[in-house]
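The values are calculated or read from the model by the stated rules, or taken from the named source; none is laboratory data. Only a predicted model underlies this, so the values are computations on that prediction, with no experimental measurement involved. We place every Cβ from the backbone using ideal geometry, glycine too, and count neighbours over all the protein chains shown.
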Amino acid sequence: MTTPPEPTDQPPEPHVLPGVRASDDEREQVVQALSEHATTGRLTLAELEERIGLAYRSVTRDDLARLTADLPGSGGLLPAASASPVVRRDSGQRPSTTKWIVAFMGGTEKRGRWRAAERINAVAVMGGHDIDLRHAELDSDDTTIVAITVMGGIDVYVPDTIDVEVGGFSLMGGTGERGSRRPARAGAPRIKILAYNLMGGIDVWRLPEETKDLPLKQAKKVAKRAE
């Protein structure tokens, strides 16, 4: 009586995702389109960075198509019939552009969804500002904030995926860079902050991506732990 041969181990079947695989060029194409929509007010800075992160992690063309399904001119990559589009808040009419933020012996807060001009002048005289750019609409990929304090203070908050450049000078005051040390995303919008202090201070906070919907007080605590 012959013994039947023992079955040999079969190699595991490869895991194949449905849909056509996306190329690096197609990911970059979507990232560029998202950036253009951000400068027209269709996406806030936080929404832009969230979708760009998803774009670079996308595997198939359907994954990419979902990121632009609610934006005009997105016919280059067709989504699958069963794909659920990304839900975007309808902002209606665009808010007016903010070019000046001024406080004299008082304080102001700029947060939520607002429209940042290509150049913003922020002045605080014996007062203070909180300028939160996480959900702002940018009119340009290259935004400049000229911040001036005289016996006052300004805090500027930006996502840590954004390219931030800080310059200026202080007399009997100072400028600090706080928060996350994570490198900015390649090709991200740039925010240039020119800080000028006379017996005052300016802090630039780079907030981790996971804090985009947190109140500033909580977001600053998370950012401090990332320093």
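Numbers at a glance
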quantity: First in segment 197-225 and more than 25 Å from Met172 (Cα to Cα) and free of Cβ contacts under 8 Å to residues at least 40 places away in the same chain, second anywhere and among the hydroxyl-bearing types (Ser, Thr, Tyr) and in a helix (DSSP H, G or I), Cβ under 8 Å, 6 or more apart; calculated: Gln218/Thr211; Val222/Thr211
quantity: Test for Leu67: is it at pLDDT 90 or above and not β-branched (Val, Ile, Thr); calculated: yes
quantity: Residue in segment 179-190 that is surrounded by fewer than 23 Cβ atoms within 10 Å (Cβ to Cβ), at positive phi and free of Cβ contacts under 8 Å to residues at least 60 places away in the same chain present; calculated: no
quantity: Hits in segment 112-137 (condition: touching a residue at least 40 places away in the same chain (Cβ under 8 Å) and assigned to a strand (DSSP E or B)); calculated: Arg115, Ala124, Asp130, Asp132, Glu137
quantity: Residue count, segment 186-221 (criterion: of a type outside the set (Ser, Thr, Tyr) and either part of a strand (DSSP E or B) or not assigned by TED's automatic domain parsing to the domain that holds Ile145 (or both)); calculated: 15
quantity: Qualifying residue in segment 96-103 (condition: over 17 Å from the mean Cα position of the chain (by Cα), modelled with pLDDT of 90 or more and farther than 23 Å from Ile191 by Cβ); calculated: no
